[in-house]
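Notes follow the structure.
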Amino acid sequence: MKFKSKEKSTTHLTVRELTILSLSAALLFVLQVALGFLPNIEITSLLIIIFTLVYRFKTLYIIYTFALLEGLFYGFGIWWLMYLYVWTILFAIVYLLRKNKSVLLWAIISSLFGFAFGFLCAMPYLFIGGAGAMLAWWGAGIPYDIVHGIGNFFVALFLFKPLYSLIRHIYSKAL
């Protein structure tokens, strides 16, 4: 005999939600691979921002599925561990600021995240080889972080509104 709870579970996913979240993770993966030939120009940051604003905590399913797909495709290395926490940090920042509607704010956050990406990814090297190894790894990537930050700003500035509207519309229709 089943008893129905009066409260809706926040961890329960409907088949439709599971499908949308799975397709969102696949979209992240495909776009990341497709844009891989560009040096640190990506849409992943913007999509994680938008997914967090629309899906809230369910975005974590997307992030970890995306990281798993990346590991399966490229192989599991230290970079893979970075993906587990780096994208979660972006999720947390966006979640804390989720009530803000400014496209400029989201472009700035995406940009700052791009500038900080190399530093955040250098953290494991602090534990593996000490501060010198971390600083050397981070320092070598600074030119790429600059491109990453600038690229993220313009990608978010121009694509936030149309992608946010589209994803919010698709998600609201699926529920």
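In the range 128-149, the residues that are more than 25 Å from L104 (Cβ to Cβ) reach residues that are of a type in the set (S, T, Y) and part of a helix (DSSP H, G or I) with C-beta atoms within less than 7 angstrom, at least six apart or across chains, in these pairs: A133/Y125; M134/Y125; W137/Y125.
Results for (1) of a type in the set (F, W, Y); (2) in a helix (DSSP H, G or I); (3) more than 18 Å from L28 (Cα to Cα), shown as yes or no for each residue.
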site: N100; (1), (2), (3): no, no, yes
site: F115; (1), (2), (3): yes, yes, yes
site: I128; (1), (2), (3): no, yes, yes
site: G132; (1), (2), (3): no, yes, yes
site: I146; (1), (2), (3): no, yes, yes
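Is it the case that Y171 is under 21 Å from L23 (Cα atoms) and surrounded by 15 or more Cβ atoms within 10 Å (Cβ to Cβ)? Yes; evaluated as a whole, the condition is true for this residue. P124 meets the stated requirement of being touching a residue at least 40 places away in the same chain (Cβ under 8 Å), assigned to a helix (DSSP H, G or I) and over 18 Å from the mean Cα position of the chain (by Cα). Evaluating W137 against the criteria (1) more than 14 Å from the chain's Cα centre (by Cα); (2) assigned to a helix (DSSP H, G or I); (3) at pLDDT 95 or above leaves one unmet condition, (3). Against the definition (in contact with a Lys or Arg (Cβ under 9 Å, 6 or more places away or on another chain) and assigned to a helix (DSSP H, G or I)), how does Y95 come out, yes or no? Yes, satisfied. All of F127, F154 fail the test of being closer than 19 Å to E42 by Cβ and not hydroxyl-bearing (S, T, Y), apart from F154. Which members of the range 26-72 meet the condition of being buried (at least 16 other Cβ atoms within 10 Å of the Cβ), in a loop (DSSP other than H, G, I, E, B) and not aliphatic (A, V, I, L, M)? N40, E42 - these are the residues of the range 26-72 that are buried (at least 16 other Cβ atoms within 10 Å of the Cβ), in a loop (DSSP other than H, G, I, E, B) and not aliphatic (A, V, I, L, M). Within the range 73-92, if we keep just the residues that are assigned to a helix (DSSP H, G or I) and free of Cβ contacts under 8 Å to residues at least 12 places away in the same chain, the residue that is nearest to the chain's Cα centre (by Cα) turns out to be A92. In the range 73-98, the residue that is surrounded by the most Cβ atoms within 10 Å (Cβ to Cβ) out of those that are farther than 11 Å from I49 by Cα and either small (G, A, S) or in contact with an Asp or Glu (Cβ under 8 Å, 6 or more places away or on another chain) (or both) is Y83.
In the range 1-57, of all residues being closer than 29 Å to A156 by Cα and basic (K, R), the one that is modelled with the highest pLDDT corresponds to R56.
The values are calculated or read from the model by the stated rules, or taken from the named source; none is laboratory data. Note that the structure is predicted; figures quoted are calculated from it, not measured. Here Cβ is always computed from backbone atoms with ideal geometry, including for glycine, and neighbour counts include all displayed protein chains.
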